[in-house]
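Each reported figure results from applying straightforward, stated rules to the coordinates on display, with no laboratory input. These figures come from a predicted structure and were not determined experimentally. All Cβ positions, even for glycine, are placed from backbone atoms using ideal geometry, and neighbour counts span all protein chains on display.
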Amino acid sequence: MEFDISMPKCWRRETKGHKFCPGCGHGLVLKALGLAIDELQIQDRVVFGCDIGCSLLAYDFFNVDTMQTHHGRTTPVITGIKRARPDRIGIAYMGDGGGYAIGSQHLVNAAARNERITAILVNNTVYGMTGGQMAPTTLPGMKTETSPYGREISQTGYPTQGPEMVAAITREGAYVARGTVGKLSQLKNMIKKALETQIAGTGFSFVEALSTCPTNWSTNAKDTWSFLEDEMTKYFKVGELKVPAKEE
Amino acid sequence: MDLKSNSYTIEGEKAYFTLFPTLCKGCGLCMEKCPVKVIEWSDKLGVYGTPAVQVKEDSKCTGCKICELVCPDCAITITPKRKAK
Ligand code: SF4
Ligand code: SF4
Ligand code: SF4
């Protein structure tokens, strides 16, 4: 009996094993995205953009047209592609550093203009690729390379609530949700709804995915899951924040 | 490299557990999520030279596929057996 590898069809097999660290949640977010693309049968129409930071390691991940940008610019570049080629399905993939700090203006303005693209943002509470510095999403009191005594809220403010912000500035017709790699089927369904929103053309679609970075968290498997599922969810509530009204 | 090289399959009562060492990075995430705790470290090595995983002998693996789903590297394939009779 021959057993095949259970991998989304749109993943590019020649580039696997992928480049992310052991236990990295990027592999899971990209699995949820891959399954969503497969289920919607849109592989030949997708244009995928990744950003600087660990998300760029996805530059050869899928068998779809792909480009890579810096510092949150994946959002405006995908917006441009979508405007030039409205028949394409544009996916802007980024981390919390690119989307909420260095390139936050791009996310804010694309959401405010209700661009017909899908943005997927990976929240793992740190800058991963550069070595685990404090990010906008670092939890209160959390120790990182640049907050060795724990994040001090009185000095650095509270963690960015991305989906809450995007939900507040988008119009009706947009789709906004926060999922987690701890609930992969739910995350896949959120990404699927986001892509369907883009296909229907009703507005901007945004999914934040709570994700893992065992390398910079310095956690074993057990603690990786518990930080994701017990600590992060205290601050970042998982669920849908905005759903387009059903057509009659 | 052929992704399927050195793969091994362990037959359980309810399902076949197949592991692809070319993909397994030894992160252990699957082990923690198995509801019946039947995944253990193997003597076989994964792609980074760390132990890969296997199911225990006479395993109580139910074929639920949770490990397959939570593996960030798609290193596990669970093939449930058809219902007997
Ligand atoms: S540094 Fe963190 S986010 Fe980057 S690949 Fe490694 S585990 Fe993933
Ligand atoms: S299929 Fe389910 S029961 Fe079997 S090893 Fe995987 S997680 Fe455990
Ligand atoms: S099978 Fe997957 S989840 Fe389990 S240790 Fe290997 S890489 Fe990690």
Quick check on the exposure proxy: order A:48, A:3, A:227 from fewest to most C-beta atoms within 10 angstrom. A:3, A:227, A:48
Shielding by partners for A:26-33, please: the mean number of other protein chain Cβ atoms within 10 Å of each residue's Cβ. 3
Let me know the charge dipole size of the protein assembly as shown about its Cα centre in debye, to the nearest 20, where only the beta-carbon of Lys, Arg (+1) and Asp, Glu (-1) is charged. 500 debye
With the charge dipole of the protein assembly as shown built from beta-carbon charges (+1 for Lys and Arg, -1 for Asp and Glu) about the Cα centre, the Cα from A:154, B:64, A:140 projecting farthest to the positive end belongs to B:64
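Please compute, for peptide B:28-36, the average count of beta-carbon atoms on other protein chains lying within 10 Å of each residue's beta-carbon.
Averaged over the peptide's residues, the number is 4.
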Could you pull the Cα extents of the protein assembly as shown along its three principal axes, largest to smallest, in whole Å? 57, 50, 38
Per residue of B:69-81, count partner chain C-beta atoms within 10 Å of its C-beta, then hand back the mean as an integer. 6
Are any of the pairs A:237/B:14; A:222/B:4; B:4/B:44 more than 26 Å apart by Cα-Cα distance, and if so, which? A:237/B:14; A:222/B:4
Nearest 5 percent is fine: what portion of the DSSP beta bridges confined to the protein assembly as shown is antiparallel? 45 percent
Hey, quick one: spin label on residue A:229, modelled 7 Å out along Cα-Cβ, who in the stretch B:53-85 has an amide N within reach, i.e. under 12 Å? B:67, B:70
Can you list, by residue number, the Cys in chain B that have no neighbouring cysteine C-beta under 4.7 Å? B:24, B:27, B:34, B:61, B:64, B:71, B:74
Given a cut-off of 19 Å, name the pairs among A:183/B:65; B:33/B:56; A:188/B:65; A:183/B:25; A:188/A:242 whose C-alpha atoms lie farther apart than that in the structure shown. A:183/B:25
Filtering chymotrypsin sites (Phe, Trp or Tyr not before Pro) in the stretch A:51-122 by DSSP loop and by at most 13 other Cβ atoms within 10 Å leaves none
